[in-house]
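Engineer: Before anything else, here's the structure in question.
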């Protein structure tokens, strides 16, 4: 049972209490000896994102724990006193698929400022808001609880006007 702490009790602030609670929950899923991998998985929905470093396809994601609510599996609702993370706090999530991206490559494709070099006018974007994911809670190398998920990023954009005119006389998509 997790009591709600809204103001703090000295050094035990709501943020500290949340991390303490998440740590205890994570330990309950492991062998208790502090060995990796100890993970806890749950469903969440991506609520937003903030780019981690300009020009690199890696974002910090805010998220909220969710649960299916009916037998068809399509109803989704928030969990009472459920977990959540914000991009402004320390409990944001990272998409594991983005971790290999650099300022010049994303998913193995050459990019310049997130634009695909071989597909002018198309950009790598963050995982869209509202995307359901399986959140993985584990202990990071520094000992803090981390939140990770795996989901494809969106690619958005449109063909440059000149390209459309050259290849199909401007008729495509008109």
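Engineer: Starting from the Cα-Cα distance between residue 24 and residue 112, subtract it from 0.36 nm times their residue separation and give me the gain in nm to one decimal.
Structural biologist: Residue separation times 0.36 nm, minus the Cα-Cα distance, leaves 27.4 nm.
Engineer: Is segment 58-153 rounded, prolate or oblate when judged by the Cα gyration tensor, a ≥ b ≥ c being the square roots of its eigenvalues, rounded requiring a/c under 1.5 and prolate requiring a/b larger than b/c?
Structural biologist: Oblate.
Engineer: Additional query: Suppose R0 equals 30 Å. What FRET efficiency, 1/(1 + (r/R0)^6) with r the Cβ-Cβ distance, do residue 141 and residue 15 give to the nearest 0.05? Before the final figure, lay out the partial values.
Structural biologist: On the way: r = 21 Å, r/R0 = 0.69.
That pair, residue 141 with residue 15, gives E of 0.90.
Engineer: Let me ask something else about it. Based on the mean of other Cβ atoms within 10 Å per residue, sort peptides 54-60, 107-113, 94-100 so the most packed one is first.
Structural biologist: 54-60, 94-100, 107-113
Read the figures in this text as sums done on the coordinates, not as results from a lab. Not measured: the values here are computed from a predicted model. In this analysis, Cβ positions are derived from the backbone assuming ideal geometry, glycine residues included, and neighbour counts consider all displayed protein chains.
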